[in-house]
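In what follows, a single structure is set out as structure tokens and then discussed.
Each reported figure results from applying straightforward, stated rules to the coordinates on display, with no laboratory input. Every value quoted in this text rests on a predicted model; they were computed, and no experiment measured them. Don't worry about glycine lacking a Cβ; one is built from the backbone with ideal geometry, like all the others, and counts go over all protein chains shown.
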Amino acid sequence: MRLTNVLTIASVACAASDYELISLHKSLVDIPSISGDEEAVGKFLERYLQKNGFTVELQSVKPGRDNVYAYLGSKRNTSVLLTSHIDTVPPYIPYYQSGDKIYGRGSNDAKGSVASQIIALKELYESGEVGEGDVSLLFVVGEEYDGIGMRHASDKLGAYWDHAIFGEPTELKLGVGHKGIYNIELDVEGKASHSGYPQLGIDANKKLIDILYQIEHAEYPADQLLGNSSVNVGIIEAGVAANVVSPKARAKILIRVAHSTSTVSGTIKHIVDEANQEYDNVKLVDIQNKEPVYLDFEVPGFETVVLAYFTDVPNLERQFKSRYLYGPGSILVAHSADEYVTVADLKNAVDGYKRLTRYLLK
Ligand SMILES: *[C@@H]1O[C@H](CO)[C@@H](O)[C@H](O)[C@H]1NC(C)=O
Ligand SMILES: *[C@@H]1O[C@H](CO)[C@@H](O)[C@H](O)[C@H]1NC(C)=O
């Protein structure tokens, strides 16, 4: 049944390369590759790219976890880099196609980008538009967890590029940038007492509630391109019983930062310092602190989009002349049980990556 669908798609115009695109994408989605378990998909890509004439290097990030770096001939530095990630969030969801939609974990985020980047470069190569030193491919592990793959490539790969195109679901638009993150934990230490005699205790819950109120109502920097910062108090754990003054309260908070993470962390630090004037019993733990990312986006023929999700872009530390974020599928269904990408998006992404690459090589 599924095979029939694939063959139907393959029978329209440009049949051969559409078939190749859809079957490459299917092979990638068929191989589970939740962050930490990327070995099989990396090995598959190594064989696939070698068979198609690329020079392929597996870069070991950790045992059983390899980044894949591929280029034409022997020039490891290239003008343009096409890059995306081969890990997915859990759980694994099998591939299936229904009409124009292809479901399955990673179908959209980001195996849709991986498949269309590969086919785009293959077609540019076959038509003689690119050669050695022009374009390379880098597919990394661990993007969905901690960015270990891209950071490892940044530190150890020893290859350099003028321009990078990062593949993530952007609905075929060029991302103008994405917000940063300031991720913290607040731990309040109180002292338990009978709730009828609150003067004998120190109420950790009350203090946390006061601080959270101030964090919710503080002013945070906005940005012309990226919009407003936003606060999410994702976890609150506190107290022991309704009739006990709470000895402990904790919250985990993630702020999507539109502009200047240091301003935001300064605001939070100020609130906590004030709260510590009376009893010094609030601990602020910085978990993650990442500045917003600004991208290039002015290319004729492309629409643009502001994104509210974090990516691997800042993990690749190079002096780029330009950086773009572009790919098939919508972030609104990525990570969900209904994750999908359309066949039309995959085909259009091949075209989009080709146009962007030509534009950058000009
Ligand atoms: C690759 O680029 C880097 C940085 O520009 C340079 O130092 C290095 O020599 C280049 N490697 C080759 C083989 O050209
Ligand atoms: C940003 O916040 C301001 C004031 O709080 C509001 O008026 C505006 O609509 C918000 N902008 C966006 C893009 O949400």
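The distance between label points at Leu200 and Tyr160 comes to 7.1 nm (points 7 Å beyond Cα on the Cα→Cβ vector).
Between Asn276 and Gln50, take the C-beta separation as r, use R0 = 35 Å, and let me know the FRET efficiency to the nearest 0.05. Efficiency at R0 = 35 Å is approximately 0.05. Phi-derived couplings, Karplus 6.51 cos²θ - 1.76 cosθ + 1.60 at θ = phi - 60°, listed residue by residue for region 96-104: 8, 10, 9, x, 7, 9, 10, 9, x Hz, with x used for Gly and Pro. Label point of Ser336 set 7 angstrom out along Cα-Cβ; within region 301-317, amide nitrogens under 19 Å from it belong to 306-310. Once label points are set 7 Å from the Cα along Cα→Cβ at both Ala242 and Asp146, what is their separation, rounded to one decimal in nm? Inter-label distance under the simple model: 4.2 nm. The residues packed around Val293, meaning those with a beta-carbon under 9 Å from its beta-carbon, carry a net charge of +2 if Lys and Arg are +1 and Asp and Glu are -1. Simple rule: put +1 on each Lys or Arg Cβ and -1 on each Asp or Glu Cβ in the chain, find the dipole, and look at Ile268, Ser116, Leu307; the Cα lying farthest toward the positive end is Ser116.
Approximating the spin labels as points 7 Å out from Cα along Cα→Cβ, the Ala308-to-Lys75 distance works out to 4.3 nm. With contacts taken as Cα pairs under 8 Å at a separation of at least 6 residues, the chain carries a relative contact order of 22 percent. Calculated translational diffusion coefficient of region 180-290 (25 °C, 0.890 mPa s; Stokes-Einstein with Kirkwood radius over alpha-carbon pairs) equals 168 µm²/s.
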